[in-house]
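Where a number appears in this text, it was derived from the coordinates with a stated rule and is not lab data. The structure presented is a predicted model; accordingly, all values stated were derived computationally and were not measured. Glycine also receives a Cβ, built like all others from the backbone with ideal geometry; neighbour counts cover every protein chain displayed.
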């Protein structure tokens, strides 16, 4: 299928898995895998922008990742600080948005990424969303607490709580649900990522480690997506109509 004939998903979410195993297979320190993973991020971000993807959401660091060895966490935070180059966003007209529990992120990293988010807000192309110190259960719990406080203060009737209201109060309220979720590295699970938002997302799992995931692999995933029938509970006949 030629690129020009592909239906490009409006929102692609990616679980970038396999950096550490990529490095281990080469006798390298895990941090080298994360550094090479940044190269893949830049390539895939540029490719998605050129293809016309509207939203690209990257699972960069989960709340569970705080449980990793302290030296690896410190190296990852340092890498995040140095790898988000403003040129990548400005050259591709890409906006940056951050979702996650930033209260746990070191102040220097938090201030840097929030500053970059502000500076790129003028861009009009693709939105790249970085899920940093994020987990879906954290997000949903925070939303429930917020709605419960509103109800306790008499600002919200619990009977008015519905799916739309919950969606409107999630950290991801500014963007549509993912059309396609890609997970590299061979694992077949969501790992606490966008659980609410992925109710009708198409899942594409591949064995390729993230540092080896290139534009050709992205196009392969999009071509696979093009052969999926998205029925949303309807029959094939209803979709055809």
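Observations
- Length gained on full extension, residue 219 to residue 78, computed as 0.36 nm times the residue gap minus the Cα-Cα distance: 47.7 nm.
- Gaussian network model of the chain, Cα within-10 Å springs - most flexible of 172, 141, 120: 141
- The simple Förster model, with R0 at 25 Å and r as the Cβ-Cβ distance, assigns residue 152 and residue 111 a FRET efficiency of 0.15.
- Between the beta carbons of residue 140 and residue 103, assuming R0 = 25 Å, the FRET efficiency works out to 0.90 to the nearest 0.05.
- Gaussian network model of the chain, Cα within-10 Å springs - most flexible of 226, 162, 50: 162
- Counted by neighbouring Cβ atoms within 10 Å, the residues 210, 22 run from fewest to most as 22, 210.
- Translational diffusion of the chain, estimated by Stokes-Einstein from the Kirkwood radius over alpha carbon pairs at 20 °C in a medium of 1.002 mPa s, is 112 µm² per second.
- Principal axis extents of the C-alpha atoms in region 141-203 (largest first, rounded to whole Å): 48, 18, 18.
- Spin-label pair residue 29/residue 43, simplified geometry with 7 Å Cα→Cβ offset, distance in nm: 2.4
- The sum of -39500 (n - 2.57) across all DSSP H runs of n ≥ 4, divided by the residue count of the chain, sets its helix-only mean residue ellipticity at 222 nm to -13000 deg cm²/dmol.
- Under the criterion of Cα pairs below 8 Å and six or more residues apart, the relative contact order for the chain equals 28 percent.
- Fluctuation leader among 142, 111, 163 - the chain, Gaussian network, Cα springs under 10 angstrom: 163
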